[in-house]
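What follows is a single structure, written as structure tokens, with notes after it.
The values are calculated or read from the model by the stated rules, or taken from the named source; none is laboratory data. Fair warning: this is a prediction, and the values are worked out from it, not measured in the lab. Neighbour counts are summed over all protein chains in view; Cβ atoms, including those assigned to glycine, are modelled from backbone coordinates with ideal geometry. Note: areas computed on protein heavy atoms with side chains; ligands, DNA, RNA excluded. Shrake-Rupley method; radii C 1.70, N 1.55, O 1.52, S 1.80 Å.
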Amino acid sequence: QVQLVESGGGLVQAGGSLTLSCAGTGRTFTSHAMGWFRQAPGKEREFVATISWSDGYTSYAGSVKGRFTISGDNAKNTVYLRMNSLKPEDTAVYYCAGSQRWGAREQYEYQYWGQGTQVTVSS
């Protein structure tokens with residue numbers, strides 16, 4: 001079975017930076033794309049970013065575009081989310097996910113999910 005192991009969450013001050021990592025483990029991981037989602041208390045889970053393994057295509061939610069950068073290391077089967085200029089509204093549990101669809105931006109398009117890692121941005 002495929003497992004996604006996340007790390008890198010923590011507490012940062014507004015304006016600071018943080019990098020999340022997500023490593024895929026288990027038998028052959030055939031996802032075409034990886035993505036990041038987040039869920040704040042009392043809110044629905046929302047799309048953050050996605051990256052395609054085949055051509056490096058990336059897509060971002062408008063709320064994070066220009067501040068967050070998604071990248072991947074196919075050899076390590078690991079995806080990263082570099083978060084800069086963090087704001088208190090970025091506070092949420094961040095989830096890594098794998099999709100069999102290129103450029104997936106919706107939750108139902110993802111088949112594999114990590115356990116989530118907490119990111120807290122203080123004001």
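Residue count for the range 72-83 satisfying the condition of being surrounded by 15 or more Cβ atoms within 10 Å (Cβ to Cβ) and within 14 Å of residue 32 (Cα to Cα): 4.
Residue check: residue 33 meets all listed conditions (1) at pLDDT below 95; (2) out of contact with any Ser or Thr (no Cβ under 9 Å at 6 or more places or on another chain); (3) aliphatic (A, V, I, L, M) but one, namely (2).
The set of residues in the range 1-27 being open to solvent by 30 Å² or more (accessible area, probe 1.4 Å), closer than 17 Å to residue 89 by Cβ and over 16 Å from the mean Cα position of the chain (by Cα) consists of 11, 13, 14, 15.
As for the range 28-49, it holds no residue that is open to solvent by 20 Å² or more (accessible area, probe 1.4 Å), in contact with a Gly (Cβ under 6 Å, 6 or more places away or on another chain) and not aliphatic (A, V, I, L, M).
Scanning the range 75-115 for residues that are among the acidic types (Asp, Glu) and either touching a residue at least 60 places away in the same chain (Cβ under 8 Å) or within 27 Å of residue 15 (Cβ to Cβ) (or both) yields 89, 90.
When residue 65 is tested against (1) at negative phi; (2) in contact (Cβ under 8 Å) with a residue 12 or more places away in the chain, exactly one condition is not met: (2).
Is it true that some residue in the range 25-38 is without any contact (Cβ under 8 Å) to a residue 60 or more places away in the chain and hydroxyl-bearing (Ser, Thr, Tyr)? For the range 25-38, residues without any contact (Cβ under 8 Å) to a residue 60 or more places away in the chain and hydroxyl-bearing (Ser, Thr, Tyr): present. The set of residues from the range 37-63 being in contact with a Phe, Trp or Tyr (Cβ under 9 Å, 6 or more places away or on another chain) and aliphatic (A, V, I, L, M) comprises 48, 49, 51, 61.
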